[in-house]
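S.K.: The following block contains the structure, expressed as structure tokens.
Rule-based calculations on the coordinates, nothing more; no lab input. Because the structure is predicted, anything quoted here is derived from the model rather than measured. All Cβ positions, glycine included, derive from the backbone under ideal geometry; neighbour counts span all protein chains shown.
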Amino acid sequence: MVKNDGYMADMQEYQRYIASIADFYPLDKETLHHYGEIILNSKIEKTEKNKTVTRIDLDNPQVKHAVDMLTKHHLKYVVSRIQALNNSNYENISMMDLVQEGNDGLLEAIHNWDYRKGALTTYSKAYIDGRILKLFPVAAPVPNSAEEEQILNCISDDEARKRKKRVFEKEHFRRATEEYALSLDSPIDSEDQD
């Protein structure tokens, strides 16, 4: 792959971003619970488009500070999720776009997080991964035989997109399951995956 000037500029900007968040270390459990309690107690119900939704009150300076601190101290986690979802399609997507989507997922997770039910990193993983994976093009199915290749060539574009999406989701689920099992230090039985 030939690296063009746009790619190099993006990587330099990404490296500057990494350096700017280097001083933010994970918060201790007690501080996380304190901020989580502030956010949880600030939730208010609003009616939007004939639906009642629960939002946090960002007009309160204490709540805004809690959200800012949780966000700042989890920016490295967003970068680690980008690296964990290493994909050859990165060359087509700006790293800063990936960071922005991951940060949006983190903010969404913070707004919905209940500190009593688990760690923020565990809770935010699905939000961050979901936002990042939306940027990737759908993986193409790989035919196992000449017959499958002929079928793939005959199906409509809409059916092909659906099939590609299912293949991509299955592969992502398999990788996520493996990562989770590795985090638990337990092997995965091949029978459990199917």
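S.K.: Mind listing the long-range amide H neighbours of residue 56? Cut-off is under 5 Å, sequence gap 5 or more, other chains count too, H placed in the peptide plane at 1.01 Å from N.
M.R.: The answer is 44.
S.K.: Residue 9 to residue 112: extension gain in nm, 0.36 nm per residue of separation minus the Cα-Cα distance?
M.R.: Computed gain between residue 9 and residue 112 is 33.6 nm.
S.K.: Where in the stretch 98-120 does the label zone of residue 17 land, with the point 7 angstrom along Cα→C-beta and an amide N cut-off under 20 Å?
M.R.: Residues 98-111 qualify, since their backbone N sits under 20 Å from the label point.
S.K.: Here is a further query. What is the sum of charges, Lys and Arg at +1 and Asp and Glu at -1, for the other residues whose Cβ falls under 14 Å from the Cβ of residue 54?
M.R.: Here the charged neighbours net out to -1.
S.K.: Under a Cβ-Cβ cut-off of 15 Å, what is the net charge of the residues other than residue 23 that fall near it, where Lys and Arg count +1 and Asp and Glu count -1?
M.R.: +2
S.K.: What is the percent of Cα-Cα separations in the stretch 5-118 that go past 24 Å? Provide the component values of the computation, followed by the final result.
M.R.: Numbers: 2429 of 6441 pairs.
When every Cα pair of the stretch 5-118 is considered, 38 percent fall beyond 24 Å.
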